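Beneath this line is the structure, given in structure tokens, with notes to follow.
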Amino acid sequence: MPFSLALSLSEKKRGVLSLNCVCTVHGHKYGATYIEEMTALLTADSSHLPNNSDLSGTISTNQTCGNNIRFKYQAYTITYCIIFPVGLLCNSLALLVFICFTPKKSANTVFMINLALSDLGFSLTLPFRLVYYLRDGQWDFPDWLCRWCVYSFYLNLYTSVLFLTGLSVLRYLAVLHPMRHKTLVTVWRACWVCLGIWLFVAISSIPFLLSGTHTGIQGKTRCFEPKGLGSWQRILALNYVALIFGFLLPFLTILACYGRIIHRLTTQRRALSRTRVNRQRSVQLVAVVLATFLFCFLPYHVARTAHLHAVVFLNSSQPQECWLKEILQKILVLTLCLATSNSCFNPLLYYFAGETFRKAIRTASLHSRGSFNSFNHGSLLNWRNKSSPTPLSSPVNNKGQPCLMVQDNNVILNQVVQL
């Protein structure tokens, strides 16, 4: 039976080879072309292609480029190494001051406490992300922890946006409607609003709990990375919802509030000293909140939307489109690092815009300084009592009358010096 087999290997193009097989039987040719990506796996680092497989584990030809995995892992590792200690320390200190050294709570304090809780909760998940990226994309923890880390990122991101929006609305009422602010804004109402924000974001972010671990190429357990094109399409749909309700509407609300606030402050030429202080605090709040939105939230949402459109709709076989996807992915990585850094910038809001927070910081500082001085003075008094050859009696004044011991550090020190 006449039989012949011809194999041909095409020219290498962008790291992709094509293997053609032609079989001739009785003069009839039967041909087959193997999937190009099969040989691409041999020329690339296959452990760094987690986003190229779809739900069935096959390779998606629409996502053969744009995988700057090494760049992404290094950028996230450096960023989280900085954000974790700073965010953990600053937000823990802020909660300590708000809860222990702020006797009189206000509506602003309630919003800031919830904002600090959100940032602290996200900071506690960063060590698991760091281990994952340091392990070169290997998840060694339970699946539920992977889902929670993904979920907590979006929970922190959009609760932060809404809490900052709430603070902006409170400042708007305080500046433009001070009488209504006193009657409408209460601590209990602020607590209910914050609870509503938590519930709204928590329920809206439930779809992100579906993004758990999966087994990638070379048997590595992946996390934080979509499985394939089907996952990307679901994320694109969620992106539109989050973009509208989690960013655009709050951002427009903040711009409207601050536009009215700035207009009112610029029209008030003559103001009392107390009004000047309120004006200064309002300007500081405007600056910090707008800087957080423009620096952290706006670039990330723009880059995320553009990147998702490129992944879902562009054809990676075109060199120009592949190059565009690679650039957009690098931009997305950098802007996501900026978005996660908002947990470090929010403590600036507590200090510059919160008069109660500054007073509490001073109170805590004086309290700790007084405790330190009391300890030193008490140690000095004990040393003087032990070194004296005769028992010490009560100190006397110039008239020979005994003096009462006063619980004041300076008085005790003066008595020790006189002895």
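Any read-out appearing in this document is the output of simple, stated calculations on the displayed coordinates, not a laboratory observation. Predicted model only: the values in this text are computed from it and were never measured. When we count neighbours, we look across all protein chains shown, and the Cβ atoms used for this are built from the backbone with ideal geometry, even at glycine.
Quick one: Met179, Met112, fewest Cβ neighbours within 10 Å first, how do they rank?
Details: Met179 8, Met112 26.
Lowest to highest Cβ neighbour count: Met179, Met112.
Let me see the pair-distance distribution of the range 118-179: every alpha carbon pair, 10 Å bin width, integer percents in order.
The percentages, shortest bin first, are 20, 34, 20, 14, 9, 3.
Sort Asp143, Asp119 by Cβ crowding within 10 Å, fewest neighbours at the top.
Asp143, Asp119
For Leu210 and Asp136, compute 0.36 nm times the residue count separating them, minus their Cα-Cα distance, and round to one decimal in nm.
Values: separation 74, 0.36 × 74 = 26.64 nm, distance 2.27 nm.
Additional length available on full extension: 24.4 nm.
Lysine pairs in the range 62-354 with Cα distance under 19 Å, only those 8 or more apart or on different chains: how many are there? Working shown, then result.
Working: Lys72/Lys220; Lys72/Lys227; Lys72/Lys325; Lys72/Lys330; Lys104/Lys182; Lys105/Lys182; Lys227/Lys325.
For the range 62-354, qualifying lysine pairs total 7.
By how many nm would the segment from Gln233 to Leu294 lengthen if fully extended, with 0.36 nm per residue of separation less the alpha-carbon distance? Present the calculation step by step, with values, prior to reporting the outcome.
Values: separation 61, 0.36 × 61 = 21.96 nm, distance 2.72 nm.
Length gained between Gln233 and Leu294: 19.2 nm.
Please report the Cα spread of the range 156-236 along all three principal axes, rounded to whole Å, starting with the longest.
65, 21, 18
Cut-off is 10 Å between beta-carbons; in what order do Tyr132, Tyr73, Tyr351 appear when sorted fewest neighbours first?
On the way: Tyr132 25, Tyr73 18, Tyr351 15.
Listed from fewest to most nearby Cβ atoms, that is Tyr351, Tyr73, Tyr132.
Would you please give the residues with an amide H less than 5 Å from that of Leu124, counting only those at least 5 places away or on a separate chain, with H modeled from the backbone geometry?
Distant-sequence amide H within range of Leu124: zero hits.
Non-local amide H neighbours of His214 (under 5 Å, H modeled in plane, Pro and chain starts lacking H): which ones?
For His214, the qualifying residues are Arg222.
Compute the signed sum of charges (Lys and Arg +1, Asp and Glu -1) over the other residues within less than 14 Å, Cβ to Cβ, of Ile78.
Numbers: positive: Arg70, Lys72, Arg129; negative: none.
Overall, the nearby charge balance is +3.
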